[in-house]
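Structure record follows, encoded as structure tokens.
The values are calculated or read from the model by the stated rules, or taken from the named source; none is laboratory data. Please read all numbers here as calculations on a predicted model, not as lab measurements. In this analysis, Cβ positions are derived from the backbone assuming ideal geometry, glycine residues included, and neighbour counts consider all displayed protein chains.
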Amino acid sequence: MATESNGTTAATRTPTEPRPDGRVDPDCTRLIVIRGNSASGKSSVARALRDTYGRGLAWVEQDHVRRILLRERDRPGAANIGLIEQSTRYALGHGFHTVLEGILHAKHYGAMLARLHRDFAPRAHFYL
């Protein structure tokens, strides 16, 4: 069996130890949700987490999905809400720790955030 760069093999690596690509067992991924007002430092914190962790950490940014990918206004029932949820679930399900970051108004995003919390607790951490 081949030895990985960190000295482990697939057989000896624990589920929480990152593989060479930085990912972990999907049952061990962590969801970190960072919410706050505009210009409060959410993106800076998410960027610092990603820079510190490196590969294996996905960053789902509300503004990027809503403004860049979909060019959509922030309103209840908008398509970006479902895309944010699907992107977050996909990353977690494929072994990426995931930071979800944005204003994420409870009125528009509350139900989606509640589902993520329910489905990924106790591996979900919310910072408001």
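Inspect all residues belonging to segment 54-64 and state whether any of them is part of a helix (DSSP H, G or I), modelled with pLDDT under 95 and either polar (S, T, N, Q) or touching a Cys at 6+ places or on another chain (Cβ under 8 Å) (or both). Taking every residue of segment 54-64 in turn, none turns out to be part of a helix (DSSP H, G or I), modelled with pLDDT under 95 and either polar (S, T, N, Q) or touching a Cys at 6+ places or on another chain (Cβ under 8 Å) (or both). In the condition set (1) more than 27 Å from G22 (Cβ to Cβ); (2) modelled with pLDDT of 95 or more; (3) touching a strand residue (DSSP E or B) at 6+ places or on another chain (Cβ under 8 Å), L128 is compliant with all but (2).
Every condition in (1) within 14 Å of the chain's Cα centre (by Cα); (2) assigned to a helix (DSSP H, G or I); (3) closer than 17 Å to G36 by Cβ is met by G110 except one, and the failing one is (1). Each residue in segment 23-35 was checked for being touching a strand residue (DSSP E or B) at 6+ places or on another chain (Cβ under 8 Å) and either without any contact (Cβ under 8 Å) to a residue 40 or more places away in the chain or closer than 19 Å to L113 by Cα (or both), and 7 pass. Within segment 79-95, identify whether any single residue is surrounded by 13 or more Cβ atoms within 10 Å (Cβ to Cβ), over 19 Å from D63 (Cα atoms) and in contact (Cβ under 8 Å) with a residue 12 or more places away in the chain, and answer yes or no. Within segment 79-95 (the criterion being surrounded by 13 or more Cβ atoms within 10 Å (Cβ to Cβ), over 19 Å from D63 (Cα atoms) and in contact (Cβ under 8 Å) with a residue 12 or more places away in the chain), the answer is yes, since at least one residue qualifies.
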